[in-house]
1. Could you calculate the contour length gain from Ala285 to Lys64, that is, 0.36 nm times the residue separation minus the distance between their Cα atoms, to one decimal place in nm?
2. How far is the Cα center of the stretch 132-208 from the Cα center of the stretch 318-339, in Å?
3. Quick check on packing: order 68-74, 92-98 by the mean number of other C-beta atoms within 10 Å, highest mean leading.
4. Determine the equivalent ellipsoid of the stretch 199-296 by diagonalising the alpha-carbon gyration tensor, then write out the semi-axes as square roots of 5 times the eigenvalues, largest first, rounded to whole Å.
5. Using a simple spin-label model with points 7 Å from Cα along the Cα→Cβ vector, what separation in nm is obtained for Asp319 and Arg158?
6. Would any residue of the stretch 269-297 have its amide N under 15 Å from a label point 7 Å out along Cα→Cβ of Asn243? List them or say none.
7. When the Karplus curve 6.51 cos²θ - 1.76 cosθ + 1.60 is applied with θ = phi - 60°, which whole-Hz ³J(HN,Hα) does each residue of the stretch 342-356 get, with x for Gly and Pro?
Amino acid sequence: MRLSHNMIFKSNLNSILNSQQEVNNSMKQVNTQKRVLTASDDPSAMARSLLYSDKIQTNEQYTKNLTMLKSRLDTQEGVLDNIKDSLTRSIELTVNAGNGSLTAPDKAALSEELESIQTAVLELMNSKTEDGRYIFSGYQDNTRTYEFDSNNNRYAYRGDQGQHKIKVAEGVEIKSSDNGYDVFESVEQRLNVTTNTATPSGGIVSADVYVTQQGPFDLFHKANYNPDPTAPATRNEFQLELNGTTAPPSYRLMQGATVFETGTYTENNIKVAGMEFSFTGTAGAADTITFELGTPEKDNVLNTLESLITAVQDPNLSDKDYRQVLADSMIGLENAKNRVSQIQSGLGGRMNTATRITDANTDLDINNKIARADLIELDMAEAITELTKHETQLQASQATYGRLSNLSLLDYIR
């Protein structure tokens, strides 16, 4: 077969170009440190690497979400710590308020400090996140959490019962906040009677009843209170039946035909089931004092402090009524403090969960990157060897081409 000069030229040129392309590809691989530069290099590896890239990007978003979650939980933790400190001081002041030797100036100073605490607690309850949203308002986080309702003279919750959640892993969401209804509105108040003025009968002219021992009364209330709204209206009415004709006079605590406790008394003052009854008049053989167990209630600590401040500032309040307000306030403040502690415990659990998920996401991210690297990234030693080989081939092609391109018939004749 006759080889023309053009055929020799073309063949050598193609060899040089192919070698040059291989050198360029090898250099790109070394520079980018990737074995697969385009989908055509290894379609299967490229497809799988894209899946791993998606997982890595998703994991990066989860990491950002976890950072935001921890920030918000830390903020809420700090707010609750300050609220609990304020409640602790309020409890101390409530104990001081029960000191019978307090003068009017003493009570004025105590009242002023309680008002300062109430203002501080109100502002803490209305705390905001870093982006200006109210922490404890639930889904209504653009609405101020608590405001004073001048119509009812009470502090009212303006949020809802929603709870924001942040997705931190596949199928895992963690609450980033607690609403004020759960934290502040769910505080149980002191169990009591409906009214301190009891209903007398027979020779008893007037009567009152006060809870003086909370423990025994709580047991009696919890054992006998009927919450069924379909039951008769008198379902929680009880009678203290007196027999003033015996010596000594006796009593029976009862409801209908059911007798709970019996005893005797010497004066117009009877203590039974944690309650103290006082009456005027002369009891006959079966005269009664009727009272009603109060409905268990829940309220926020702002209203508890409001009632306490009002009582401390009221010089005309009887000692019995004043003591009742102090007892109400003490239990309300203690329960509010305990409720805050419970919420903090839940926060701690969520923060621990977030930490564990952070560690798990970090491990998952490392595994995904290793798997992606195995698919598309380069073995540098092997790549440099390949690059050197292709460069050598290119140099050989160029040298061969140079020698062949100079051959001609005249060279042969000479």
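Please treat every number below as a calculation from the coordinates, not as lab data. Since the model is a prediction, treat every value here as computed from it, not as a measurement. Cβ atoms come from the backbone with ideal geometry, glycine included; neighbour counts cover every protein chain shown.
1. So the extension gain works out to 71.8 nm.
2. Cα centroid of the stretch 132-208 versus Cα centroid of the stretch 318-339: 17 Å apart.
3. Those peptides, ordered most packed to least, come out 68-74, 92-98.
4. Result for the stretch 199-296: semi-axes of 23, 15, 12 Å.
5. For the pair Asp319/Arg158, the computed spacing is 4.4 nm.
6. 283-288
7. These are the phi-based 3J(HN,Hα) values: 4, 5, 5, 4, x, 4, x, x, 5, 5, 5, 4, 4, 5, 5 Hz.
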